[in-house]
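Colleague: One structure coming up, written as structure tokens, with questions to follow.
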Amino acid sequence: MRLRVRGAAGFTLVELLVAMAVASIVLVGAGLAFQFAAGTLASGSDQADVQQNARWVLERMVQEIRGAGYDPRATLGGGTFAALTSATATSLIMQSDYNGNGVPGEAQAGPCDVTTTTENVGYRLVGDQLRRSTDPPAYTCETPLVNGVTSLAFTYYDADDNVTATAAAVRTVEITLTLNSTTGGAERKATVADRIRLRNR
Amino acid sequence: MRDEKGIVLPLTLLMMVALTALAIGLVSVAAFEPVISKNLADTTQARFAAEAGVEWAFNQIAPQDNWSTFLSGAGVNGVTMTTGTSMGTLGAARGTFTVMVRNDTLAGDTAITGVPPEASATVDANKVLILTSTGGVGTSLKGVRAVLKKATFPGNGRPPGALNFPGNEAQAAFTADNFAVDGRGYRMDGSLDAGCADHWGIAVSSTLPTTNPGANESVVQNALSTSNPNQKDNVFGKKQNPLQAGQGDNTIASDAGLNPTNIQNFIDQAKNAADITLTSAQPSGLTMGSIGGSSNCANWASQNCWGTQAQPKIVYIKGDPDPTSNFNALRLNGPTTGYGILIVEDGDVRVYGNLNWYGIIIVTGQYVGIGFLGTTSETQNVYGSVISNETRSDPGYFEGVLQGNAKIRYSCEALDNAFNNRKLTAIVGWKDLAPGE
């Protein structure tokens with residue numbers, strides 16, 4: 001007796017092969033789309049990270065440099081001491097007198113704490129690492145702010161807006177910072193720049 | 001076989017979930033970045049708005065003589081000067097600032113201002129105020145603190161006499177009988193000013209010379225009687241002895257307000273704020289012809305415009321110390337008209353021709369003196385005050401010479417006009433405030 005099972009007509013081999021081919025094309029397409037989207041996501045995220053790091057580091061420096069030379073005893077004649085004590089292309093040291101005792105750049109009281117605002121602050125490039133120190137030029141109390149710095153350039157200007165190499169004459173600081181990230185094998189770059197007039201000089 | 005439908009549906013769903021997750025990830029990265037950027041931009045803009053608030057407050061306060069008026073109703077934390085103010089013609093969306101002002105009365109304020117705190121929250125006597133400005137853009141807020149300091153003339157803010165010798169020496173020479181040194185208060189139009197109390201005709205240091213403090217009083221008095229006994233009558237002013245005349249020796253006094261250190265401190269600050277700075281070198285020095293007046297001051301910024309009544313100037317001339325006391329750092333040939341503060345350091349000043357000065361003339365430093373050397377047909381008027389501050393000792397050389405028609409008349413109006421120059425106010429102690437600070 002021949003039994004006829006409803007709905008169990010089956011597929012021919014050709015039908016199966018065609019279906020598999022079509023399914024493969026769809027899956028490969030979807031996979032490629034997935035891979036591309038994931039790559040784009042990672043790339044965008046990395047670029048955003050490196051830009052964000054650059055901005056944060058720049059803003060950190062800008063805020064401190066802007067207030068350099070804080071001097072409660074200052075008069076019309078300006079501050080009673082130099083705002084910057086060292087000014088090179090890749091490093092600077094600034095001083096202030098936050099406690100108003102007339103002695104700028106006093107050493108930090110107590111153990112090293114790189115997170116605090118002290119009367120003596122320095123930034124310098126060591127290898128590809130930008131570091132902030134609260135006891136320059138000894139640099140025994142220092143923390144890295146960011147890695148992957150491919151270029152850092154401080155340019156200094158005096159009161160007449162002429163480039164100067166004399167730390168005591170500096171009234172404006174220009175910073176150009178380039179960060180590099182190679183996460184995932186791809187290179188991401190971010191360059192940020194700012195020009196800061198020392199408010200206390 | 002009814003349940004054997006294949007995996008197309010689950011597979012499709014899985015793919016859709018994965019792709020949706022990726023899409024959400026991409027969109028979130030793309031959306032998050034502008035938010036970060038906007039926050040950064042808003043914060044930066046807010047800080048600039050806060051700085052604009054400090055500048056706005058400076059513009060309000062600096063030209064005023066009495067800073068206590070800004071402290072009306074203030075507590076120890078101060079009083080609000082303005083709230084939610086836009087920057088010029090920019091709309092509020094571009095940022096607003098709110099400014100608080102307070103007097104320096106808190107115990108820790110010395111660390112902010114560098115001077116001892118005052119007692120009253122509503123009365124400013126030391127010309128030091130603390131500003132706190134908060135800038136806002138959207139939800140971003142940034143605060144800036146700054147200190148306003150004004151360089152004030154030591155003592156009560158004005159010199160104690162029409163002619164002052166705060167330095168080591170006060171050797172003077174007076175010729176004929178047409179000159180006048182008048183400590184009574186005048187307005188700049190030449191009328192007497194009832195609101196300006198009498199000051200000394202001539203004041204000398206009470207602490208110098210160190211060998212005989214205050215002795216310069218008699219040096220000046222003696223100089224007035226050597227060539228003409230009537231000359232003393234040409235000196236008017238506040239009376240040392242209220243029962244005696246307001247002329248002559250009774251109006252010539254030593255005054256503790258002429259503190260050499262404080263005066264030098266004021267001079268040092270004023271010359272740093274000078275609108276015009278000139279250098280004068282030996283042997284010939286600096287000779288100036290026509291100064292001031294409507295033609296020279298058609299361009300206020302001109303080097304030959306030494307201030308106007310509406311915009312007085314600070315003019316500083318740096319000389320060259322000459323131990324022989326012969327060097328003229330400045331020779332004014334006239335006509336000279338000026339408003340403000342004229343400071344000449346390390347050399348003499350010789351005034352010829354017509355002169356009208358409204359404010360203060362200060363000759364200071366080593367081997368210095370001032371001579372009003374016009375003729376009786378010329379006009380040489382100073383409304384305000386003259387200071388000759390000899391910091392060295394050069395016996396036999398004059399610190400002050402008046403001849404011809406020279407008139408030095410004390411004027412509170414002219415002095416206040418000169419001292420209210422906004423360049424004498426500085427913004428110092430500029431500090432970005434941390435949240436909650």
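Colleague: Out of all the residues in the range B:256-299, which are in contact (Cβ under 8 Å) with a residue 40 or more places away in the chain and within 14 Å of chain A (Cβ to nearest Cβ)?
Modeller: Those that are in contact (Cβ under 8 Å) with a residue 40 or more places away in the chain and within 14 Å of chain A (Cβ to nearest Cβ): B:ASN262, B:GLN264, B:ASN265, B:PHE266, B:ILE267, B:GLN269, B:ALA270, B:LYS271, B:ALA273, B:ALA274, B:ASP275, B:THR277.
Colleague: For a quick check of your reading: which strands (runs of 3 or more DSSP E) sit entirely within the range B:320-437 and have at least 1 residues that are within 14 Å of chain A (Cβ to nearest Cβ) and within 27 Å of the chain's Cα centre (by Cα)? Step through it out loud before you land on a result.
Modeller: Numbers: elements: B:328-332, B:336-345, B:348-351, B:355-365, B:370-372, B:380-390, B:400-402, B:406-410, B:425-433.
In the range B:320-437, B:336-345, B:425-433 are the strands (runs of 3 or more DSSP E) which contain 1 or more residues that are within 14 Å of chain A (Cβ to nearest Cβ) and within 27 Å of the chain's Cα centre (by Cα).
Colleague: Can I ask one more? Check off (1) at the interface with chain B (Cβ under 8 Å from one of its Cβ atoms); (2) modelled with pLDDT of 85 or more; (3) more than 29 Å from A:LEU152 (Cα to Cα); (4) in contact with an Asp or Glu (Cβ under 8 Å, 6 or more places away or on another chain) for A:ALA74 and give me the number that stays unchecked.
Modeller: Here A:ALA74 clears every test but (4).
Colleague: Just the residues that are among the acidic types (Asp, Glu) and surrounded by fewer than 24 Cβ atoms within 10 Å (Cβ to Cβ), please, taken from the range B:353-412.
Modeller: The answer is B:GLU378, B:ASP394.
Colleague: If I ask for residues that are outside any helix (DSSP H, G or I), surrounded by fewer than 20 Cβ atoms within 10 Å (Cβ to Cβ) and hydrophobic (A, V, I, L, M, F, W, C), which ones from the range B:88-110 would you list?
Modeller: Of the range B:88-110, the ones outside any helix (DSSP H, G or I) are B:88-91, B:95-106.
Subsequent filtering for residues that are surrounded by fewer than 20 Cβ atoms within 10 Å (Cβ to Cβ) retains B:88-91, B:106.
Answer for the range B:88-110, where residues must be outside any helix (DSSP H, G or I), surrounded by fewer than 20 Cβ atoms within 10 Å (Cβ to Cβ) and hydrophobic (A, V, I, L, M, F, W, C): B:LEU90, B:LEU106.
Colleague: Just wondering, is there one or more residues in the range B:76-94 that are within 14 Å of chain A (Cβ to nearest Cβ) and touching a residue at least 40 places away in the same chain (Cβ under 8 Å)? Walk me through how you get there before you give the answer.
Modeller: Initially, the range B:76-94 is screened for residues within 14 Å of chain A (Cβ to nearest Cβ), giving none.
No.
Colleague: Which of the residues spanning the range B:110-130 are within 18 Å of B:LEU424 (Cβ to Cβ) and away from chain A (no Cβ under 13 Å)?
Modeller: B:ASP124, B:ALA125, B:LEU129 - these are the residues of the range B:110-130 that are within 18 Å of B:LEU424 (Cβ to Cβ) and away from chain A (no Cβ under 13 Å).
Colleague: Filter the range B:263-281 down to the residues that are of a type in the set (S, T, N, Q) and at pLDDT 95 or above, then identify the one that is surrounded by the most Cβ atoms within 10 Å (Cβ to Cβ). Give the derivation first.
Modeller: The first filter runs over the range B:263-281 and keeps only residues of a type in the set (S, T, N, Q), leaving B:264-265, B:269, B:272, B:277, B:279-280.
Then drop every residue that is not at pLDDT 95 or above, which leaves B:277, B:279-280.
Details: B:THR277: 14, B:THR279: 11, B:SER280: 21.
Among them, the one singled out is B:SER280.
Colleague: Right, here's the next one. Could you check the range B:272-310 and list, in sequence order, the residues that are in a loop (DSSP other than H, G, I, E, B) and among the hydroxyl-bearing types (Ser, Thr, Tyr)? Outline the logic, then answer.
Modeller: First, the residues of the range B:272-310 that are in a loop (DSSP other than H, G, I, E, B): B:273-275, B:280-285, B:289-290, B:292, B:297-305, B:307-310.
Residues satisfying the conditions are B:SER280, B:SER284, B:SER290, B:SER302, B:THR308.
Colleague: Can you pull out the residues in the range A:60-103 that are among the basic types (Lys, Arg) and farther than 22 Å from B:THR152 by Cα? Can you show your working first?
Modeller: Initially, the range A:60-103 is screened for residues among the basic types (Lys, Arg), giving A:60, A:66, A:73.
Correct list: A:ARG60, A:ARG66.
Colleague: Can you give me the number of residues within the range B:248-271 that are farther than 22 Å from B:TRP357 by Cα and part of a helix (DSSP H, G or I)?
Modeller: Selection size over the range B:248-271: 8.
Colleague: Also, quick follow-up: Between a residue in the range A:34-51 that is at pLDDT below 80 and surrounded by fewer than 15 Cβ atoms within 10 Å (Cβ to Cβ) and any residue that is not polar (S, T, N, Q) and not in a helix (DSSP H, G or I), which pairs come within a Cβ distance under 8 Å, given they are 6 or more apart or on different chains?
Modeller: From the range A:34-51, no pairs qualify.
Okay, residues lined up against (1) touching a residue at least 24 places away in the same chain (Cβ under 8 Å); (2) of a type in the set (Gly, Ala, Ser); (3) over 26 Å from B:GLN269 (Cβ atoms):
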site	(1), (2), (3)
B:TYR316	yes, no, no
B:GLY334	yes, yes, yes
B:GLY340	yes, yes, no
B:GLY353	yes, yes, yes
B:ILE360	yes, no, no
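Colleague: Separate question: Looking only at the range A:43-76, which residues are basic (Lys, Arg) and assigned to a helix (DSSP H, G or I)? Lay out the reasoning, then the answer.
Modeller: Our first condition is that a residue be basic (Lys, Arg); within the range A:43-76, this holds for A:55, A:60, A:66, A:73.
The answer is A:ARG55, A:ARG60, A:ARG66.
Colleague: Just for the range B:215-229: of the residues that are part of a loop (DSSP other than H, G, I, E, B) and among the small types (Gly, Ala, Ser), which one is surrounded by the most Cβ atoms within 10 Å (Cβ to Cβ)? Reasoning before the result, please.
Modeller: Step one: list which residues in the range B:215-229 are part of a loop (DSSP other than H, G, I, E, B), which gives B:215, B:227-229.
Those still in the list that are among the small types (Gly, Ala, Ser) too: B:215, B:227.
Details: B:ALA215: 14, B:SER227: 12.
Filtering the range B:215-229 for residues that are part of a loop (DSSP other than H, G, I, E, B) and among the small types (Gly, Ala, Ser), the one surrounded by the most Cβ atoms within 10 Å (Cβ to Cβ) comes out as B:ALA215.
Colleague: Here's something else I'd like to know. Name every residue in the range B:172-186 that is out of contact with any helix residue (DSSP H, G or I) (no Cβ under 7 Å at 6 or more places or on another chain), within 20 Å of B:TYR383 (Cβ to Cβ) and not aromatic (Phe, Trp, Tyr), in order of residue number. Break it down into steps so the answer makes sense when it comes.
Modeller: Looking only at the range B:172-186, we keep the residues that are out of contact with any helix residue (DSSP H, G or I) (no Cβ under 7 Å at 6 or more places or on another chain), and these are B:175-176, B:178, B:182, B:184, B:186.
The next check asks that each one be within 20 Å of B:TYR383 (Cβ to Cβ); those that pass are B:178, B:182, B:184, B:186.
The answer is B:ASN178, B:ASP182, B:ARG184.
Colleague: Then there is this: Suppose we keep only residues that are within 14 Å of chain A (Cβ to nearest Cβ) and in a loop (DSSP other than H, G, I, E, B) within the range B:135-194. Which one would you say is farthest from the chain's Cα centre (by Cα)?
Modeller: Step by step, filter the range B:135-194, then rank; the result is B:PRO154.
Colleague: Condition check: modelled with pLDDT under 95 and out of contact with any strand residue (DSSP E or B) (no Cβ under 8 Å at 6 or more places or on another chain). Does B:PRO260 satisfy that? Please lay out each step first, then the result.
Modeller: Working: modelled with pLDDT under 95: yes; out of contact with any strand residue (DSSP E or B) (no Cβ under 8 Å at 6 or more places or on another chain): no.
Taking the combined requirement at face value, the residue does not satisfy it.
The values are calculated or read from the model by the stated rules, or taken from the named source; none is laboratory data. None of the values given here were measured: they were computed from a predicted structure. Glycine also receives a Cβ, built like all others from the backbone with ideal geometry; neighbour counts cover every protein chain displayed.
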